[in-house]
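Read through the structure below, which is laid out as structure tokens, and then see the notes.
The values are calculated or read from the model by the stated rules, or taken from the named source; none is laboratory data. None of these values were measured; they are calculated from a predicted model. FYI the Cβ positions are ideal-geometry reconstructions off the backbone, even for glycines, and counts take in every protein chain you see.
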């Protein structure tokens, strides 16, 4: 998969991953149960979402980080409309990516290029597919596929105190594990996916606004008519 497309998918998948995992309200005991209950309540009350997003990819071989910054917007699926996500990257390069239902677009202005395709066809494409698969999993599937472990309380980089959770796939996947950092409201502020080669992708949400008015047309990317269209 194209490097830039893969990066965009990882980000989109993890932004959704931060919220879809609220559905793991399994038969947890001890400190896990109230945390997952609170996440579930937060998720059920969510009608829209936008925030600043920072994504850090760590290469275990080079011991080097690659950081991207931008803004994410999200509205969940309803009876009248499909789920929609958009990430607008501003650093290190300007790029825009949107998913509406099963369709995605990635616009790369510096190349005047648009990559289009179906989300469902990316599920076998490394971590990108693994992250995106969280979008379509039911509560029963999540419970069946992941073991959740409470790792304790921890402050993330902006100083916010969180509950740290580890999620281990019960079945073979393209990654080893995932982690969540959840605040006292039940909002997951940070997520990390650990790949099999020990590379990691971490997404941090800041300045989060929930249940704000987001017009659906924002999820339709605006690009020049002469942009080169590439099928993903």
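Points to keep in mind about this one:
- Looking across region 185-209, just one residue is in contact with a helix residue (DSSP H, G or I) (Cβ under 8 Å, 6 or more places away or on another chain) and surrounded by fewer than 16 Cβ atoms within 10 Å (Cβ to Cβ), and that is 185.
- Residue in region 120-136 that is in a helix (DSSP H, G or I) and modelled with pLDDT of 85 or more present: no
- Check on residue 162, at pLDDT 65 or above, closer than 17 Å to residue 204 by Cβ and surrounded by 18 or more Cβ atoms within 10 Å (Cβ to Cβ): yes
- Any hit, region 210-232, residues being in a strand (DSSP E or B), surrounded by fewer than 15 Cβ atoms within 10 Å (Cβ to Cβ) and under 21 Å from the mean Cα position of the chain (by Cα): no
- Scan of region 94-110 for residues that are more than 13 Å from the chain's Cα centre (by Cα) and either in a strand (DSSP E or B) or in contact (Cβ under 8 Å) with a residue 40 or more places away in the chain (or both), ordered by number: 95, 96, 100, 103, 104, 105, 106, 107, 108, 109
- Test for residue 182: is it in contact (Cβ under 8 Å) with a residue 24 or more places away in the chain and surrounded by 15 or more Cβ atoms within 10 Å (Cβ to Cβ): yes
- Checklist (1) under 21 Å from residue 97 (Cα atoms); (2) touching a residue at least 24 places away in the same chain (Cβ under 8 Å); (3) in contact with a strand residue (DSSP E or B) (Cβ under 9 Å, 6 or more places away or on another chain) applied to residue 222, failing item: (2)
- Qualifying positions in region 185-209 - assigned to a loop (DSSP other than H, G, I, E, B), farther than 24 Å from residue 46 by Cα and in contact (Cβ under 8 Å) with a residue 60 or more places away in the chain: 197, 198, 199
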